[in-house]
């Protein structure tokens, strides 16, 4: 799993590329925790996430809670159908703003 960060205006975009499973989750959790700015706007791009296990879902939930505690706003974009299906089946979609495209995600985070 590769994690890349870039800025799109005032929004920190974090792109995940690869499988988010029990073997990659600890490292990704640590990286995401370091990349979510306090009181910032964060869009996690899941477009290249080929697989997500329950460990990956846990990482997203922990990052969501960290963002809330730090006053940051977080959204998810571009989740592939398989990943979105897992998130829907487990009730995780209710926690997040989830958009189909990066542009929609950026717009959803606008103040």
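Data table
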read-out: Residue satisfying condition, being without any contact (Cβ under 8 Å) to a residue 24 or more places away in the chain and either touching a helix residue (DSSP H, G or I) at 6+ places or on another chain (Cβ under 6 Å) or under 19 Å from residue 33 (Cβ atoms) (or both), within set 65, 58, 84, 73; value: 65
read-out: Count - residues of segment 17-30 that are surrounded by fewer than 13 Cβ atoms within 10 Å (Cβ to Cβ) and over 12 Å from residue 60 (Cα atoms); value: 3
read-out: In segment 9-18, the residues that are in a strand (DSSP E or B) and touching a residue at least 40 places away in the same chain (Cβ under 8 Å); value: 11, 13
read-out: Subset of segment 42-57 (residues that are farther than 9 Å from residue 20 by Cβ and under 11 Å from the mean Cα position of the chain (by Cα)); value: 42, 43, 44, 45, 47
read-out: Candidates 79, 4, 67 - the one that is closer than 28 Å to residue 111 by Cα and assigned to a loop (DSSP other than H, G, I, E, B); value: 79
read-out: Any hit, segment 19-37, residues being in contact (Cβ under 8 Å) with a residue 12 or more places away in the chain, in a strand (DSSP E or B) and under 17 Å from residue 107 (Cα atoms); value: no
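To keep it simple, each residue is scored yes or no on (1) at positive phi; (2) crowded, with 17+ Cβ neighbours inside 10 Å.
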residue: 15; (1), (2): no, yes
residue: 32; (1), (2): no, yes
residue: 45; (1), (2): no, yes
residue: 62; (1), (2): no, no
residue: 78; (1), (2): yes, yes
residue: 92; (1), (2): no, yes
residue: 101; (1), (2): no, no
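Every number in this text was worked out from the coordinates using simple rules, so none of it is lab data. Since the model is a prediction, treat every value here as computed from it, not as a measurement. A quick note on method: Cβ atoms are made from the backbone with ideal geometry, for glycine too, and the neighbour counts reach across all protein chains shown.
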